[in-house]
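Report on one structure; see the data block that follows.
The values are calculated or read from the model by the stated rules, or taken from the named source; none is laboratory data. None of the values given here were measured: they were computed from a predicted structure. Please note: Cβ atoms are built from the backbone with ideal geometry, for glycine as well, and neighbour counts cover all protein chains shown.
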Amino acid sequence: MSLDVRLKQLELILSSRKIMLGYSVGTDDVIRHMGFDPVATREAAHVTGKSVVEIICEKIGMEPREFQRLLKEKINLGR
């Protein structure tokens, strides 16, 4: 399963819990929180034929697997 698919699944899970969390979490919100423009990031992914995650990982200098591990860790802390 690709990281993009997993992020979408997590977004759906979190948005279904918005009553419990008190707010909704969207992919664009996460991209903005990391300091990137979601539209520009998606456009760069489209132009290069890469995923949004690959573009973000290039920008922050991190391997996608490490990014995925840290993301899972943060999500598990929120449970």
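Checked against (1) under 16 Å from LEU3 (Cβ atoms); (2) in contact with a helix residue (DSSP H, G or I) (Cβ under 9 Å, 6 or more places away or on another chain); (3) without any contact (Cβ under 8 Å) to a residue 12 or more places away in the chain, VAL39 meets all criteria but (1).
Which one is modelled with the lowest pLDDT, of the residues in segment 1-52 that are small (Gly, Ala, Ser) and in a helix (DSSP H, G or I)? It comes out as SER16. Filtering segment 30-77 to residues that are among the small types (Gly, Ala, Ser) and surrounded by 10 or more Cβ atoms within 10 Å (Cβ to Cβ) leaves ALA40, ALA44, ALA45, SER51.
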